[in-house]
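Take a look at the structure below.
Read the figures in this text as sums done on the coordinates, not as results from a lab. Note that the structure is a prediction, hence the values are computed from the model and not measured. Glycine gets a Cβ as well: all are built from the backbone with ideal geometry, and neighbour counts include every protein chain shown.
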Amino acid sequence: MDSEIKEEIPVHEEFILCCGIETQVLKCGPWTDLTSDQIANRPKLLIFIIPGNPGFSAFYVPFAKALYSSTKRRFPVWVISHAGHALAPKDKKILTTSDDPNAQEIKDIYGLRGQVEHKLAFLRTHVPKEMKLVVIGHSIGCYFSLQVLKHAPELPLMLPTLGAKK
């Protein structure tokens, strides 16, 4: 029964240009653009997953669906790839944002600091300022989550929860 419910959960795949790099974003739930939705129709919270290496977003789809289901489908769950770790298929359109203030390319985008800047640029551009965030990081994604917390005090992040595998 539980697996049947998870199969019904919509997962929308987008490839966007973030900091000049193709980036895959997987989105559970009906919300694909949180900035254009009317405030009354917007969810109050976004669950944002930053993967571990190798930054493969699709690996986290079952987890994202389980989270979405456990919140009674009230909050979107998004998973972002690491910069440059996912390439769009040739027939897939890469979305760009013309009013993206973070559209500049980041020096050393593939390094640790560059990956953190990539996540910050995405959040600042694609998530409304008043929306609360729960950021979940796995492995190196946990490090990126902590750096987002450190370098973006303006983001309405919920208290972080960190876990370690024994």
With a Förster distance of 25 angstrom and the Cβ-Cβ distance between Leu146 and Leu45, calculated FRET efficiency to the nearest 0.05 equals 0.80
Please list 125-136, 16-27 highest first by mean number of surrounding beta-carbon atoms within 10 Å per residue. 16-27, 125-136
Give the calculated FRET efficiency between His12 and Asp108 to the nearest 0.05, with a Förster radius of 35 Å applied to their Cβ-Cβ distance. 0.70
Just order 8-15, 117-124, 47-54, 85-92 by mean Cβ neighbour count inside 10 Å, highest at the front, would you? 117-124, 47-54, 8-15, 85-92
